[in-house]
Ligand SMILES: [Zn+2]
Ligand SMILES: [Zn+2]
């Protein structure tokens, strides 16, 4: 009788262990949520490299608690959809920039939803540009149409046009409050949209407005019991713009000039170094791999590497 009870105990505890462990990140890091904000298309020379960092005062102050990489690059196609695909999938793909094509490989959001068997309301893509809705799926037959994150892109989804960043910002706040997502990709379009229109003041205003949104989102996170001290925020760009004096300068982008390739990586959260300017050469595809690393899973389809030099030691 005693032996039977003992065996039953072993059985139950083993089952419990395997069931529960599935839902617990085993990375050893403090990060349990990751929010990735993409500021669309500012040149590095107008963000971190501008004198006194005048257009990004909030991020400049947040650096006290975070890290910026000064040698961070988009080494693929320097356009919106390809840039977002690279950071989300860890794979450079010269994908159509009009929202007519799905990425060939799964994103870090799909991997996370599958790994931890989570509901789609826990991973979100919220974007001012409707075409970024293609990031929710991929053509890889093992993944297509499975583990798709929730989307809120453009006016009313794919093919409906862009919307104002202020609307995207409101959506972000609503989704954070109502769903408490673990993973979120946010796109703010204004620097890119104004620059294409040749509006240099609007371009700078877009950089300053998005800096305000970023600070407000971080403030919200650190004042919310669910997110506080266990959420990592990353700010990056899909691409820069042509180097000053080259072609039409800040108006366009899309080639391999320094201005188009050199982009921002700013990170703040419990596992990042503080007040740290990192000079290690990292690139856009490393974002997906680093997020996966923090949340305790691997992305075999990613070519990126873990950005070890910006991380604090594990507990
Ligand atoms: Zn553009
Ligand atoms: Zn260029």
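Scanning the stretch 213-243 for residues that are in contact (Cβ under 8 Å) with a residue 40 or more places away in the chain and farther than 27 Å from residue 164 by Cα, we see that the one that is surrounded by the most Cβ atoms within 10 Å (Cβ to Cβ) is 230. For residue 168, the conditions (1) out of contact with any strand residue (DSSP E or B) (no Cβ under 8 Å at 6 or more places or on another chain); (2) part of a helix (DSSP H, G or I); (3) more than 16 Å from ligand 1 (Cβ to nearest atom) are fulfilled apart from (1). Checked against (1) over 30 Å from residue 198 (Cα atoms); (2) within 16 Å of ligand 2 (Cβ to nearest atom), residue 295 passes all but a single condition, namely (2).
Of the residues 254, 245, 259, 304, which is closer than 20 Å to residue 76 by Cα, within 16 Å of ligand 2 (Cβ to nearest atom) and either in a loop (DSSP other than H, G, I, E, B) or under 15 Å from the mean Cα position of the chain (by Cα) (or both)?
Testing whether each residue is closer than 20 Å to residue 76 by Cα, within 16 Å of ligand 2 (Cβ to nearest atom) and either in a loop (DSSP other than H, G, I, E, B) or under 15 Å from the mean Cα position of the chain (by Cα) (or both) leaves just 254.
Does residue 26 fit the bill of being away from ligand 2 (no atom under 16 Å from the Cβ), out of contact with any strand residue (DSSP E or B) (no Cβ under 6 Å at 6 or more places or on another chain) and at pLDDT below 95? It is true that residue 26 is away from ligand 2 (no atom under 16 Å from the Cβ), out of contact with any strand residue (DSSP E or B) (no Cβ under 6 Å at 6 or more places or on another chain) and at pLDDT below 95. Is there a residue being away from ligand 1 (no atom under 16 Å from the Cβ), under 30 Å from residue 117 (Cβ atoms) and surrounded by 15 or more Cβ atoms within 10 Å (Cβ to Cβ) anywhere in the stretch 189-205? Taking every residue of the stretch 189-205 in turn, none turns out to be away from ligand 1 (no atom under 16 Å from the Cβ), under 30 Å from residue 117 (Cβ atoms) and surrounded by 15 or more Cβ atoms within 10 Å (Cβ to Cβ).
Kindly provide the set of residues from the stretch 172-188 that are touching a helix residue (DSSP H, G or I) at 6+ places or on another chain (Cβ under 7 Å) and away from ligand 1 (no atom under 16 Å from the Cβ), ordered by number.
Matches in the stretch 172-188: 172, 173, 176, 179, 181, 182, 183, 185, 186.
Within 16 Å of ligand 2 (Cβ to nearest atom) and assigned to a strand (DSSP E or B) - does that describe any residue in the stretch 225-242?
Just the residues of the stretch 225-242 that are within 16 Å of ligand 2 (Cβ to nearest atom), to begin with: 237-242.
Of the ones still in play, those that are also assigned to a strand (DSSP E or B) are none.
Checking the stretch 225-242: not a single residue is within 16 Å of ligand 2 (Cβ to nearest atom) and assigned to a strand (DSSP E or B).
If I filter the stretch 172-193 for residues that are assigned to a helix (DSSP H, G or I) and within 16 Å of ligand 2 (Cβ to nearest atom), do I get at least one hit? Yes - at least one qualifying residue is present in the stretch 172-193.
The criterion of at least 2 residues that are crowded, with 23+ Cβ neighbours inside 10 Å is met by the following helices (runs of 4 or more DSSP H) wholly inside the stretch 36-144: 80-89, 108-115.
For residue 49, the conditions (1) free of Cβ contacts under 8 Å to residues at least 60 places away in the same chain; (2) under 19 Å from the mean Cα position of the chain (by Cα); (3) within 16 Å of ligand 2 (Cβ to nearest atom) are fulfilled apart from (2). Restricting attention to the stretch 262-278, the residues that are within 17 Å of residue 44 (Cβ to Cβ) and either within 16 Å of ligand 2 (Cβ to nearest atom) or within 16 Å of the chain's Cα centre (by Cα) (or both) total 6.
The values are calculated or read from the model by the stated rules, or taken from the named source; none is laboratory data. All values reported here derive from a predicted model rather than from experimental measurement. Ideal geometry is used to build each Cβ from the backbone, glycine not excepted, and the neighbour counts take in all protein chains shown.
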